Each structure stands twice: as structure tokens, then as C-alpha cells.
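Reading through the C-alpha cells given below for one structure.
Every read-out reported here was derived from the displayed coordinates using simple, explicitly stated rules and does not represent laboratory data. Bear in mind that the values here come from a model prediction, so they are computed numbers and not experimental data. Here the Cβ positions follow ideal geometry from the backbone for every residue, glycine too, while neighbour counts run over all protein chains shown.
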2 protein chains.
Amino acid sequence: MKEQKLTTANYKGTRDFFPEDMRLRNYLFSVMKQVAVSYGYEEYDGPMIESLDLYRAKTGEEIVGKQIYNFIDKGGREVAIRPEMTPTVARMVASKLRDLPRPIRWFSIPNLWRYEQPGHGRLREHWQLNVDMFGVNHFRAELEIFSLACDILFAFGASRNSFRVKVSHRSLLDEFFKSGLKLKPEQGQEVSKILDKKNKITGDEYVALVSKTIPEDATAVSKIDQFLAATVENIQTIPGLTGETIQKINDLFSGLKDLGLSDIVDFDPSVVRGFDYYTGFIFEIFDTSPKNKRSLYGGGRYDNLIGLFSNEELSGIGFGLGDVTLQNFLETHGLLPNLSNANTVYIPLLDDTSFFAAQTLAKQFRAASVAVDLSLQSQKMGKQLSYAEKKGYRWILILGEEETKNQTVTLKDMVHRSQEELKWDDALQKVRTELS
Amino acid sequence: MKEQKLTTANYKGTRDFFPEDMRLRNYLFSVMKQVAVSYGYEEYDGPMIESLDLYRAKTGEEIVGKQIYNFIDKGGREVAIRPEMTPTVARMVASKLRDLPRPIRWFSIPNLWRYEQPGHGRLREHWQLNVDMFGVNHFRAELEIFSLACDILFAFGASRNSFRVKVSHRSLLDEFFKSGLKLKPEQGQEVSKILDKKNKITGDEYVALVSKTIPEDATAVSKIDQFLAATVENIQTIPGLTGETIQKINDLFSGLKDLGLSDIVDFDPSVVRGFDYYTGFIFEIFDTSPKNKRSLYGGGRYDNLIGLFSNEELSGIGFGLGDVTLQNFLETHGLLPNLSNANTVYIPLLDDTSFFAAQTLAKQFRAASVAVDLSLQSQKMGKQLSYAEKKGYRWILILGEEETKNQTVTLKDMVHRSQEELKWDDALQKVRTELS
């Protein structure tokens, strides 16, 4: 009877990271980390599983009801696999509130899970860089976060015109809705949802939705159009804005100019952001390529991060950048590097007697931080070289009986198709100086 | 009415990694990675969630029934959070069996979940280095794996007498039980379980268990004692062993001698290992400290890794090393390094006007891969220095109005309690040469 075999497919909406995929993931993470660290941000992490209460309290019903991986553990606790990192970081910060010197600058690259239909750029398991600063309620914090967010893309080789940062402020919407349009809170919420999806619906649909939401004001659409077209220079023409909000926006944009970022950052009142918890500046970074015209990542300021855990107030600002989104951006702009195994040295085994000499040679290279793949079974040279080629190795160290006796080795360069006999030390020296 | 606050405690059996914990985790992972990479092993990863079938088929009922985090997803699929990496790596290898050049040398450091009572060294979420080689059924693969396993501890600074590798072979037990003791298969399984827990029970309990399991042979205890005391030199005195098994053990230990590892590796017939799937050599690495006398990690050869997925056979050998176990070992032997923020440079803000000059200075340092924490709010010098001290920074760059005008900076060394005024470039040069 034939045994039933299991499928080798991975779980829907996830990825297997084979070595070539893992090299890319490691590259993406290391560049992101390097930039965050260069700004003095410290890495943290929390557990993959949290109490469901953490998400129930924070997010809307949709997530808890449908998109979250929640279950009851064997001890009867309601738990969830983290769908986002903010509740975890809030819990951690709240637990050490008195001990952490401020500002608290933290980053993490957690894997997050959401139960949703997998699609372009949307997976059930993905990784997301989270960068946050807590304890500084001053626009200089915004300047630092914007600068860091841009530097990440620059570190991957992005040009200054490949993306744009669009910035607004929560008060702008609130004040315009309340005092400019005289909306009730529910109407304001509805209109912000309409603005958030404005680019995905037709102009007629948009007008119909606005008119339906604000039936009492026939000029609402034109007022909103005027609001959306406002610039930093004429911001005072938006009806309902307080002097304080205008001042905040002017301060930020003047700072961005001093920082040399004003050619990348736009004031854009249409930026809404989905989450309700943003309380100050909000921003989104857009890809400018017509092939990938979408929001890459965004964030903003939230003033009551730890309210779920403590009566103290703590202001924070941060953003999240997903690995799939980042990879799509880099692909679109031709910025994905060619990551190979070229730095690994290969020692084929020509005859069984040279195995231990080869081990000694390998040990010497490894001690000098050069990776060595040592063949374990003597085979025909052609077969072993074909293996090395498939693996993408550049350097081959050939150690026959004669070489072992003379303490030499034949160093073969698969890229330049050359070879020479060298003393062991000289071979190591040569490889080290050529390592990329 | 007072709002109910949530607890800041993390989920039972897990850890929050605050920056100081994360520095340690990053250090542990980076050393492990570096050694694996130096042997030509390539990193891979799989999803956190797999189909429950993968574990149901592989492991015993105990895990699937009790210790595993399994649940039904919102699409009705039976899934589990991975409790171990072997089923995932088997699935991945099976899915690309024809494309992967052999030997396949892979490693990963996944987080794994088991539902168990948290205790010393046992957590619900932990990380485990998995190192495996597939496609070489030759004892040189064992030599490489043993050598790599030892080199990991050496790379952390472990001395040669701080641990021992104990090695046995599955056939040794099988042949001794079947031909030496003439046991039925169920009796053999029972005796191997007794041997596995021999160190945790009293001598009397041990004798009673053996006598109960093998009532038909009054000399069973003394025969087993003789078996357990066997050495490589007198291995042929073990009743029931085939010449093939004796040869395998002799070959391995002769190889270990040539490799210079025979002072660390012992032949020890009492090594059993819990899992049923090992088919060849099995090994465990023990801490020799009386304070932490326990098995640190182990592994062995399993010959039908991909049998669940394919009719092809593929031989593998590997081991798993948990992060908690490793950390306990390093603590016991005083090998945990002091990982600080000393490499980060701090720029206090003395007056608002120097903020953008400080930004320019920070940018120059960051571009040279020096991390900079730039203060965002002007405060008294004492308060800012106290922050720098709490953060563990060594270098402070003081940029007042005078310095900004002269393009100089006062570089303060918090370790040597000294300071000097330098040109920006010279300050950067000085910090870079002193970076640890």
C-alpha cells in the first residue's frame, strides 16, 4: 500500500526563505538597522504572542473580529499572535516608565501576522521595521523621524526624486471639520474615511459620498477642494484653523528647510492615515514611480501611547515600514543588489589522504573570518567544480599531495578564470584583500 | 469613574527584550551565525505557522496533544506555531530536492513555541540555532558537525575543559538490546527510556525499573552496566555488536583524533537522545561545571528526513542549540560580555540656535558609521550629561556658539574624564580609532 505523502507547500500567505531569499532579507534588515542605530535608536523585541486584550482595547472591532490570529491557549487564556508592534512597545515602555531615560529611542523588526486574503504586497506573515521616539513633544522629534525615514531609503541607494514625504497634522482636519465645515463628530469621521479612499474611487462617487454625508451644506465639496489644495504659504486661508496649528505647521516646514529636506517633503492636507490614535503630525511616504504609485510607509505622533496601562501621559512619534513594501520599492527602482555566495572559498577533495590537511587549511581561513566550504567526499574534479559553480563560489583552493607536502595550494579564481600556486598564508592574504 | 488599566506583564513563559537584553541576544546570534557561515552553512527561515499535520506525523502524541500551540485558523485549517524546526526544514528541502546542490548545509535561528510549565531553562518561546547537513552519509560529515558544534562554544570564549561531547550510535543500542540482551522491541524502547533518565533517579529505582522490564534475565542489570562502561578500545566486548557498527565507531574516533578533538569527545554508550528519528551517530554536549551539570545541546544523524513528503531518501545530520541553555552556560563560566552603548556619541543641545549645526555634525559622524544621539531640547548641561551617563555613552560632543563659528567641537571622554577642543574631522577621526 502506498503511503500518503504530505504537501511541501508552505502555509497560505507566508514565505519560505531559502538561502537566496534569506540573503536578501538579511540585507534589507541590516541596512534598516544600521540607519536606526546611527541615529542612536536601540533595538528591542517582545514575544510573538500577547494577551488578546491588548488588541481588543487598542484597535477597532474589524481586526479583533476578523483579521487577527487569536485563539485560546491550553490554559484557557485568550491570546493573539501580534498583528502590529505598537501595543507591545506601549506595554514594555509602560512597565519600565520610571527607569527609562528619555527620550526613549527604540526600533524593532518584528514579524507580524494578519489573517487576510494574500495579494500583491499583502501577506499573512510579514516583517515590519518599527521606529519610535517617546518623551519629546517638540517638532524637532518630527524632524529627526522624517530625516531617519528618508535616510533609510537613501541607504538603499534611492534617489531624491524616487519618493516623496507627504505631511499633515491631525488638528488641521479636526479644526477644519469642526469650525470650518461645522460638522458633527460622526460626520467628521465619515469625511476622513472618504478622503482616505479618495484616490481609489471616481470623482462622481466622491462627490456623491460627500454630499450624502453633509446634506446641509451645498458648498461642502468646493470647501473641501480648497482645503485639499492649501499650501504652507496660504494655509491661513483654510477656514477654522487655530493660530496654534498654523504655527506648528510653519515651524515644522521651516525646520525641514534648515535640514535640507524641503525638496522631498510636501505639505498635503489630504493625508489622513487609517488609525484613530494619531494626535499630531501624520505623514506618508509615496513612491513616485508610475509603476508602483503607492504609499510605502507612514506614521505620526500619538499622544497617549500608554493610556491603556497607566494614568501617566507619554507622547510618541514613529513609523512602520514593511519588508514586502520595501522590497517592491527597491525592485521598481532597480535597487536590489546581487547577493551571492562569492565570498565563500571552496576546497574540493581530490583524494582521501588530503582530508585532514584540507581541514587544517580550512581552519586557518575560518580563523581569519573567511568562510570555507570543504568537500567531504573525494570525487572527480569536474564534478566538484560544477558544484562550486552552482553555489556561486569565486575562489577554489586545490590541495593535492604535492601541494600538501610543500605547504602550498593552487588558488583558482572562477571569475577571472585564472590560477596560481601560493603559500597558504599568501593565498589567504590574496583572498582577504579581494573580499567584497 | 476610574478606567480599568491593563497589566504590563508579558505572556507567561515569554521574555520582553529591552535594549540591554536585545544587545545580548544579538551578540549570541551573531557569534553563532558567524561560526556557521565560516563553515559554508547558509541561513534559511520558514513561516512561524505550519499545518498541524507536519507535527502530527513526525512527533509522538504527547506533543500534538499537550505541548504544541495548535489552533484552527479562520479558514478552518488545523495549524500550529512551530515547536521545532526539523519538520519545516524537511518540507523546504523536499520541495526543492532536485535543484539544491549537495551537500546542503543550512542553518537557522528560529523562535519556537511549546506549551509547557515555565521553569529554569524552559520557556514557552525560545530561539534555537539549528545546523544541518543533508546528502552526505559519511562520517566526515559527523566530524564537521562536531567540529562546528565545538567551535561555537570556543567562539564565545569557552575553554577546552568547560564542556564535553558524548557520542554514541543508534545501532549500538539496537544491536545490544536485540542480540546482546535478546529483548523484544517494546522492551528495548522501555530500557532506552530508563537509560535516558538514569541520572535523574536513584540507583535502587534504576535497578527496580530494569528488573521489572526484563524479568526473564537476572543478569540484565550487570550486562547493561558493562555496556555502559565500554570504551572505544574494548567496544568489541559488548555482546551483540556487528562488525559494521564497531568499524563505524572506530573510524569516527580515529578521525576525531586526526582533527585534534579527541580530548573533548568521549565515546559514551549511555547517550540515548529522546527522539526516535535518529538512525546513526547521536551526541550530546555537556557542561562540565558542577554548577550547571547538564546537557547543553545535542543532535545526530537521521536517515529519512523527507520521508513524509517524498519517496526519495535523504540522509541528514544536525543539532539544535537553544538560546536559554547557551546563555546559562556562558553565565556559569563567566563568559557573558559587558555590552554597552559606549560606541554611541552624544551631542547635548546647549541653546536652540546650535540645533542645525549639531544636525550637520551628526550627519558627518553617521555617514562614517558612528552612531549619534542628538539632544532635541536645550537643557542644563548637568541634566544632559546625567542622561548620557545613564545611557552609558562614552563620547560627548559639545557644540556651543563659539565652537560652531570656528567649526570646532569639544570632545569629552566620559571614561577618561578628559576633554579637548578639536576640528570636526579630527574629533571624528579620534572617535573612530577608539571605537571598540
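Compute the relative contact order of the range A:345-434 as a whole-number percentage, counting only Cα pairs closer than 8 Å that sit 6 or more residues apart in sequence.
Worked out over the range A:345-434, it gives 29 percent.
Tell me the mean residue ellipticity at 222 nm calculated for chain A from its helices only (DSSP H runs of n ≥ 4, each -39500 (n - 2.57), averaged over every residue, nearest 500).
-11000 deg cm²/dmol
Using the alpha carbons of the range B:173-260, what is the convex hull volume per residue in cubic angstrom, as a whole number?
It comes to 105 Å³ per residue, whole-number rounded.
What is the residue of chain A with the smallest Cβ distance to the axis taking A onto B, and what is that distance in whole Å?
Residue and rounded Å distance to the axis: A:Phe71, 2.
For a quick protection proxy, order the peptides B:144-156, B:369-381 by their average other-Cβ count within 10 Å, most packed first.
Packing proxy ranking, top to bottom: B:144-156, B:369-381.
What is chain B's relative contact order, in percent, from Cα pairs under 8 angstrom and six or more apart in sequence?
Relative contact order, chain B: 14 percent.
Tell me, how many Å apart are the Cα centres for the range B:166-232 and for the range B:302-365?
Cα centroid to Cα centroid, the span is 43 Å.
Residue by residue through A:407-417, how many Cβ atoms from other chains fall within 10 Å of the Cβ on average?
0
Just order A:361-368, A:136-143 by mean Cβ neighbour count inside 10 Å, highest at the front, would you?
Put in order of decreasing packing, that is A:136-143, A:361-368.
Which distances, shortest first and in nm, link B:Glu331 to the matching position in the other copies, using label points set 7 Å out along Cα to C-beta?
Those separations, rounded to one decimal, come out as 4.4 nm.
About the Cα centre, and with charges only on the beta carbon of Lys, Arg (+1) and Asp, Glu (-1), how big is the dipole of the protein assembly as shown? Nearest 20 debye, please.
Charge dipole of the protein assembly as shown: 740 debye, to the nearest 20.
For the range A:285-436, what's the relative contact order in percent, using C-alpha pairs closer than 8 Å and at least 6 residues apart?
Relative CO of the range A:285-436 lands at 17 percent.
Identify all lysines with a Cα-Cα distance to A:Lys182 below 30 Å; exclude those on the same chain that are fewer than 8 residues away in sequence.
The qualifying lysines are A:Lys58, A:Lys166, A:Lys193, A:Lys197, A:Lys198, A:Lys200, A:Lys212, A:Lys223, A:Lys248.
Looking only at A:Thr332, A:Thr88, A:Thr202, which one moves most when chain A is put into a Gaussian network model with springs between Cα atoms under 10 Å?
A:Thr202
Determine the dipole magnitude for the range B:345-434: charges of +1 sit on the beta-carbon of Lys and Arg, -1 on that of Asp and Glu, nothing else is charged, the reference point is the Cα centre, and the result goes in debye to the nearest 20.
Around 360 debye, computed over the range B:345-434.
Let me test this: with uniform point scatterers at the alpha carbons of chain B, what is the Debye-based log₁₀ I(q)/I(0) at q = 0.06, 0.09, 0.12 1/Å?
So the normalised log intensities are -0.38, -0.74, -1.08.
Placing a label point 7 Å from Cα toward Cβ, how far apart in nm is A:Glu434 from its equivalents in the other copies, listed shortest first to one decimal?
Inter-copy label distances (nm, one decimal, shortest first): 4.0.
Roughly speaking, what is the stretch gain from A:Lys380 to A:Gln34, that is 0.36 nm per residue apart minus the C-alpha to C-alpha distance, in nm to one decimal?
120.2 nm
What percent antiparallel are the DSSP beta bridges of chain B, to the nearest 5?
80 percent
Averaged over peptide B:13-25, how many Cβ atoms belonging to another chain are found within 10 Å of each residue's Cβ?
Mean partner-chain Cβ count within 10 Å for B:13-25: 5.
How large is the Kirkwood hydrodynamic radius of the range A:345-434, in angstrom, based on all distinct alpha carbon pairs?
Mean inverse Cα-Cα distance, inverted, gives 12.9 Å.
For chain B, with a Gaussian network of springs between Cα atoms less than 10 Å apart, report the residue from B:Asp287, B:Asp196, B:Asp73 with the top mean-square fluctuation.
B:Asp73
List, in order, the whole-Hz ³J(HN,Hα) value for each residue of the range A:182-189 obtained from phi through the Karplus relation with A = 6.51, B = -1.76, C = 1.60 and θ = phi - 60°; use x for Gly and Pro.
So the J values, rounded to whole Hz, are 6, 8, 6, x, 5, 5, x, 4.
Between A:Ser30 and the same site in the other copies, what are the distances in nm, shortest first, taking label points 7 Å from Cα along the C-beta direction?
1.1
Taking the Cα centre of each part, how many Å lie between the range A:139-156 and the range A:380-436?
So the separation of the two Cα centres works out to 45 Å.
Could you work out the mean count of beta carbons from other protein chains within 10 Å of each residue's beta carbon in A:43-55?
Per-residue shielding by partner chains comes out at 6.
Would the range A:67-207 count as rounded, prolate or oblate if I go by the C-alpha gyration tensor, calling it rounded below 1.5 in a/c and otherwise prolate when a/b exceeds b/c, oblate otherwise?
In terms of gyration-tensor shape, rounded.
Using per-residue counts of other Cβ atoms within 10 Å, averaged over each peptide, order B:253-262, B:33-42 from highest down.
For the peptides B:253-262, B:33-42, the packing ranking is B:33-42, B:253-262.
How big, in percent, is the set of alpha carbon pairs in the protein assembly as shown lying more than 46 Å apart?
Tail of P(r) above 46 Å: 36 percent of Cα pairs.
Please give me, ordered by residue number, the GluC sites (Glu not before Pro) of the range A:260-314 that lie in loop per DSSP and have at most 13 other Cβ atoms within 10 Å.
A:Glu312, A:Glu313
Return the distance in nm (one decimal) between the two label points of a simple spin-label model at A:Ser295 and B:Gln407, each offset 7 Å from Cα along Cα→Cβ.
Here the modelled spin labels are 4.3 nm apart.
If you find the alpha carbon centre of the range A:262-291 and of the range A:1-46, how far apart are they in angstrom?
The range A:262-291 and the range A:1-46 have Cα centres separated by 28 Å.
Report, for the range A:345-434, the % of DSSP beta bridges that are antiparallel, rounded to 5.
Looking only at bridges with both residues in the range A:345-434, the antiparallel portion is about 65 percent.
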